[in-house]
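All remarks here apply to the structure that follows.
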Amino acid sequence: MSSRSTVILGTGSYAPERILTNDDLAHMVETSDEWIRTRSGIRERRVAAPNESTSDMAVHAARRALEDAGLTAAEIDLLVVATVTPDMPMPACACLVQHKLGLPTTAACFDLNAACSGFVYALDTACAMIGSGRYRKALVVGVEKLSAVMDWQDRTTCVLFGDGAGAVVVGASSEPDLGLIGTRLGTYGDGADLLYISHGGSNAPSTAESIGRRDHCIRMKGKEVFKLAVRAMDDAARDILEQHQIRADQISLVIPHQANLRIIEAISQYLELPMERFFVNVDRYGNTSAASIPIALDEARKAGRIKPGDLTLLVAFGAGLTYGSALLRW
Ligand SMILES: CC(C)(COP(=O)(O)OP(=O)(O)OC[C@H]1O[C@@H](n2cnc3c(N)ncnc32)[C@H](O)[C@@H]1OP(=O)(O)O)[C@@H](O)C(=O)NCCC(=O)NCCS
């Protein structure tokens, strides 16, 4: 555990203006609003403008989080950007965000790729660095422009994902047992072939042929991912509760990764916690991968669903296959 408490000082989020509804998608691929709603709970998702980059969205969310925390960019000495859709492979998206936000050149800035678990991984990383005493104030951003890696002809994926950004500011507190109480992170690397982008990396650089096959886009074995997602998120939630001797009913709000309403409902059943204790916005945004939890966290806070003293559980699952949970006291 870290030597001092690390707390969330502010949150912010950003969703691109353009809304793509299920009916819009039904004009693009053979699908229907009814199929998408009943299988996933998604009604609409946001799509970034062509000239709106991942770093642009990150900057919007980060500015809002800074404002919420009452801090300026000059006070940030650490930036972790969780994303699988950086503006470009190199340099890191965090470097572009640093420049656009005007963070000090003495700030440590890097990207972290843990797919849909990215925000929980990044929060743990930033809190450990702040807890060490070597950094003072961190920005943790989860952001994705998944529309750029969507195969808009593949109905098994294109109906599920969306774009957006969420951010938090993290700092230290002398008050004990506040903020990040603990995390439980893990990986099933043997499931790497269930959710992936095969081309565009060093193993298989993009070619004219691979682009033609849209191999630079997300592919997924949905049924297998569904089963593993439920199991891993349930395990991650149970483990952390057990580790900290907390009963599920002491959690006032669970903020799960927003991939699919049925996955969230299954976890609610397994944990024997009613759906009222789960924050859900997958209907409005779809799966925004690393952005999903920080957007939900920001909306939950601003809707008054998190009060001082509350225990909140974050739980995520994503490509890798990665998973993670985090327990927060406010
Ligand atoms: C993708 C997912 C919604 C599919 O639901 P499902 O209950 O497994 O699907 P079903 O078995 O009911 O239906 C599959 C059929 O629907 C078809 N189908 C797939 N996408 C469709 C769409 N958008 N519209 C209409 N039909 C579709 C398939 O081709 C398949 O047809 P077939 O049986 O003739 O082969 C579900 O598996 C899922 O959510 N998986 C997890 C995905 C996820 O969350 N990934 C991210 C994790 S971070």
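Of note:
- Among residues of segment 298-318 that are under 23 Å from Arg238 (Cα atoms) and away from the ligand (no atom under 16 Å from the Cβ), those with a Cβ under 6 angstrom from a residue that is basic (Lys, Arg) and open to solvent by 10 Å² or more (accessible area, probe 1.4 Å), sequence gap 6+ or separate chain, pair up as Leu311/Arg329.
- Subset tally (residues that are within 10 Å of the ligand (Cβ to nearest atom), crowded, with 19+ Cβ neighbours inside 10 Å, of a type outside the set (A, V, I, L, M) and in a helix (DSSP H, G or I)) for segment 27-70: 1
- Selected residue (criterion: most open to solvent (accessible area, probe 1.4 Å)) from residues of segment 219-250 that are farther than 17 Å from Ile263 by Cβ, not in a helix (DSSP H, G or I) and not basic (Lys, Arg): Gln245
- Inter-residue pairs, beta-carbon under 9 Å, first of a type in the set (Asp, Glu) and open to solvent by 50 Å² or more (accessible area, probe 1.4 Å) and in segment 77-99, second part of a helix (DSSP H, G or I) and modelled with pLDDT of 95 or more, 6+ apart: Asp87/Thr54; Asp87/Ser55; Asp87/Asp56; Asp87/Cys93; Asp87/Leu96
- Residues satisfying the stated conditions in segment 133-159, i.e. away from the ligand (no atom under 15 Å from the Cβ), touching a residue at least 60 places away in the same chain (Cβ under 8 Å) and within 21 Å of Gly118 (Cα to Cα): Lys137, Ala138, Leu139, Val140, Val141, Val143, Lys145, Ser147, Ala148
- Any hit, segment 4-14, residues being assigned to a helix (DSSP H, G or I) and basic (Lys, Arg): no
- Among (1) free of Cβ contacts under 8 Å to residues at least 24 places away in the same chain; (2) in contact with a strand residue (DSSP E or B) (Cβ under 8 Å, 6 or more places away or on another chain); (3) farther than 30 Å from Trp152 by Cβ, the one test that Met275 misses: (2)
- Filter pass, Ala259 being within 12 Å of the ligand (Cβ to nearest atom) and open to solvent by 10 Å² or more (accessible area, probe 1.4 Å): yes
The values are calculated or read from the model by the stated rules, or taken from the named source; none is laboratory data. If you're wondering where the values come from, they're calculated on a predicted model, not measured in any experiment. Here the Cβ is made from the backbone with ideal geometry for all residues, glycine too, and neighbour counts use every protein chain on show. The accessibility values were calculated without ligands, DNA or RNA, using every heavy atom of the protein model including side chains. Shrake-Rupley method; radii C 1.70, N 1.55, O 1.52, S 1.80 Å.
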